[in-house]
1. Once you place label points 7 Å from the Cα toward the Cβ at SER92 and SER170, how far apart are they in nm?
2. What does the charge count near GLY184 come to, summing +1 for each Lys or Arg and -1 for each Asp or Glu among other residues with Cβ under 14 Å from its Cβ?
3. Would you order CYS109, CYS194 from fewest to most other beta-carbon atoms within 10 Å of each residue's own beta-carbon?
4. Tell me, THR103, THR81 in order of fewest to most beta-carbon neighbours within 10 Å?
5. Quote to one decimal, in nm, the extra length available between ARG55 and THR81 on full extension: 0.36 nm per residue of separation minus the C-alpha distance between them.
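None of the figures in this text is laboratory data; all of them are computed from the coordinates on show. Values in this document were obtained by computation on a predicted structure and should not be read as measured data. Cβ sites come from the backbone with ideal geometry, for glycine too, and all protein chains shown count toward neighbours.
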Amino acid sequence: MADCHIECYHLYVNRSYLPTGFTLIELLIAVSIIIVLAGFLVPNFSIYMSTQTIRQAQEQIKNDLRTVQNRAISGSGFSPTVNYWGVKFVDSANTYFYFTTDTASWNDCNAHSIGGVGSEKSVKLPGTAIIRNGTQCVYFAFADGGMTFFRNGAAVTSQASQIVTVGYTSSVNDCGGTQLNSAGLIKGLTAQTCELN
């Protein structure tokens, strides 16, 4: 009998024979903590994704402008009847395109459409990002890579610095921009005010 007490005691104390697992209360507490944390993280993640989409659109425009500028400087697509590479941005559209042309003017800009004569490539902005500051064309000359800028029906006389703004339809202060100037500088701008130009 004495031996049974000792062996029974050892069997009881041995953890392999004890019931293991979580109680219902412990599981409910863990699930509640996860729900509270998710409630804080989901809105922040949504804002983060929106911001990243705008930055991606801004970088895409910047890179495509540089590509077109390099094509003009290198003479890619040059012929006696073609003097410029152009990029057309249409207000409130989520696409833009590049093309070759003989003149840099608003009439020429207006005449070009996606898939039209001389149209080289159409590019869609990521997500639901759109062009926010008017219909505009940027021309790069084959002769020297110089930039000419037209917006909403007229040449922009102050060629020093122009901005192509991207954002969402409902954006007010959370747009991005790509700044370019007549010297050939093309750079991205973050935290750009929408409808700046």
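1. 1.7
2. +3
3. Least crowded to most crowded, the residues run CYS194, CYS109.
4. THR81, THR103
5. 5.7 nm
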